[in-house]
Structures are given as structure tokens and as C-alpha cells.
Amino acid sequence: MESEKLKIYQDRLLVSDLINEVLCNKKTVQQALLSFPDDSVDVSIKCAFDALVYREADEDLRKKIKDYALVQDDFLAEISQILKENHSLPKNIIERYLKYNQDDLISKKENNFKTVLKKIKRMINF
């Protein structure tokens, strides 16, 4: 039990750092996504993964809509801070992500590039 809690904490710290590296332009979204823990059972980490996927997918919106990029990046920074403090994301955030993201994109158990790409396309085009 303690080792599971420690693993979740370590994963949250890693994901927090990855989000910050994307926000500081030290890593691309793709580089960060490839570094996510793929065996995490923490729904907060799965939500953070999806939030980064949306950042990449919303590239056109980020350019067209005033302040869209700012609001999206502020939201990611908030997610990063919550994870850094070893807290779960608020229930309303988790529920919203689960409503639109039924597929587990982070798990590599049955995924290869082709299946992940299909899942991302389905998620973006819901």
C-alpha cells in the first residue's frame, strides 16, 4: 500500500515537471507525452495526459481565438501545481475529462502507434 502511494507521488511529480517543461518550451507536447508513466492507475495523471493532448490538438484554436492559449496554459499550470502538491485533481475536472475521454490513451498494454492514433482522432472528433 505504501509503495503504491509512493509510486503515485513519484508519477505526479514527474507529470508536473513534464507539464512545466512544455509550458516553458523546454519540451514539445509529443516529447512530454512519450515520457508519461504508462502504468499509472491515477486518474489525475490520465487527465493531465489528455489535457496535454488537447493542447497539441487545439493548435489552430490557440492561434485564432484571443487568450485561448493563455487560458489553456494557465489551466495546465494549475494541473501541474496540484500534482506537485500530491493532490488529486478536483472531482469536477476529473468528471469532465472522463465524460469526453473514455479511451485510456496513456496505457501501453494494448497500444501501438496505430491504435493510439485512432483513439486520438476519435477523441478530437467526438
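The values are calculated or read from the model by the stated rules, or taken from the named source; none is laboratory data. Predicted model, so just to flag it, every value in this text is computed and none were measured. So basically every Cβ, Gly included, is an ideal-geometry build from the backbone, and we count neighbours across all protein chains shown.
Summary table
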quantity: Residues being in contact with a helix residue (DSSP H, G or I) (Cβ under 7 Å, 6 or more places away or on another chain), buried (at least 17 other Cβ atoms within 10 Å of the Cβ) and assigned to a helix (DSSP H, G or I) - total across region 29-49; calculated: 8
quantity: Residues being buried (at least 16 other Cβ atoms within 10 Å of the Cβ) and outside any helix (DSSP H, G or I) - total across region 51-97; calculated: 3
quantity: Hits in region 42-75 (condition: over 16 Å from Lys91 (Cα atoms) and aliphatic (A, V, I, L, M)); calculated: Leu52, Val53, Ala57, Leu61, Ile65, Ala69, Leu70, Val71
quantity: Single condition Glu85 does not satisfy, out of (1) of a type outside the set (Val, Ile, Thr); (2) touching a helix residue (DSSP H, G or I) at 6+ places or on another chain (Cβ under 9 Å); (3) within 23 Å of Asn101 (Cα to Cα); calculated: (3)
quantity: Residue check, Leu117 out of contact with any Ser or Thr (no Cβ under 6 Å at 6 or more places or on another chain), surrounded by fewer than 16 Cβ atoms within 10 Å (Cβ to Cβ), at pLDDT 55 or above and not polar (S, T, N, Q); calculated: yes
quantity: Region 59-81, residues that are within 15 Å of Ile19 (Cβ to Cβ) and acidic (Asp, Glu); calculated: Asp73, Asp74, Glu78
